[in-house]
1. Evaluate the relative contact order of the chain (contact order divided by residue number), counting alpha-carbon pairs under 8 angstrom at least 6 apart; express in whole percent.
2. I need the phi-derived Karplus couplings for the range 42-52: 6.51 cos²θ - 1.76 cosθ + 1.60, θ = phi - 60°, integer Hz, Gly and Pro marked x.
3. Once both axes come from the Cα atoms, what is the angle between helix 58-74 and the longest principal axis of the chain, in degrees from 0 to 90, rounded to 10?
4. What's the longest piece of the chain with no exposed GluC sites (Glu not before Pro), counting a site as exposed if DSSP puts it in a loop and it has at most 12 other beta carbons within 10 Å?
5. In debye to the nearest 20, how big a dipole does the chain give about its Cα centre with +1 on each Lys and Arg Cβ and -1 on each Asp and Glu Cβ?
6. For residue 26, what residues show an amide H to amide H distance below 5 Å, using hydrogens built from the backbone and excluding near sequence neighbours?
Amino acid sequence: MSDCIFCKIIDGEIASERVYEDDDVFAFRDLNAQAPLHILIIPKMHIASINDLDTSNADTIGKLYIAAKKIAVEEGYADKGYRVVMNCGEDAGQTVFHLHLHLLAGRPLSWPPG
Ligand code: 5GP
Ligand code: ZN
C-alpha cells in the first residue's frame, strides 16, 4: 500500500532500526517505546488489521509469533518474561493500520492492561 507507513518502513522509504527480517516478516524498534524493549513485528504483506485475517494468513501470523520469540531470546528477555500484544481497532488503540505485534519487555507489565 503506497500510503502505509509500515509498508514504507519495509521498503526502506522510511528509516527504522531493524532487529529481524526474513522472507515474510520484518521487525523494528518502536519510535515511542513503552518499555526498555519495544519491538514491532509486522508481515511484509499489507494486512490492515486482525479483522482482515482469514485462514490463508495463518502461516504468516504464526511466523510473527516465532519471530517475537526469537527476538525475545536474542535480546535476553526470554527467562524474565515479555508481552506480545496486537491491538485491533480504535477502542484497542490501533493507530497504524498495517497488522503489527508489539513485543514489550524489560519492566513489570501490569495486568489487566489499561
Ligand atoms: P498501535 O497503536 O497501532 O498498536 O501501534 C503503532 C505503533 O507504531 C506505536 O507504538 C507507534 O509508536 C509506532 N510507530 C508509529 N509510526 C512509527 C514510525 O514511523 N517508526 C517507528 N519505528 N514506529 C512507529
Ligand atoms: Zn502496509
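Coordinate-derived values only; no laboratory data. Note that the structure is a prediction, hence the values are computed from the model and not measured. Methodologically, a virtual Cβ is constructed for each residue, glycine included, from the backbone with ideal geometry; neighbour enumeration extends over all protein chains shown.
1. On the way: 160 pairs, mean separation 33.8, N = 114.
Value for the chain: 30 percent.
2. Result, ordered by residue: 10, x, 5, 6, 6, 10, 6, 7, 4, 4, 9 Hz.
3. 40 degrees
4. Numbers: sites that count: 13, 17, 90.
Formally, the longest exposed-site-free interval is 18-89.
5. On the way: 10 positive and 17 negative charges, 98 e Å.
In total the dipole reaches around 480 debye.
6. The answer is 42, 44.
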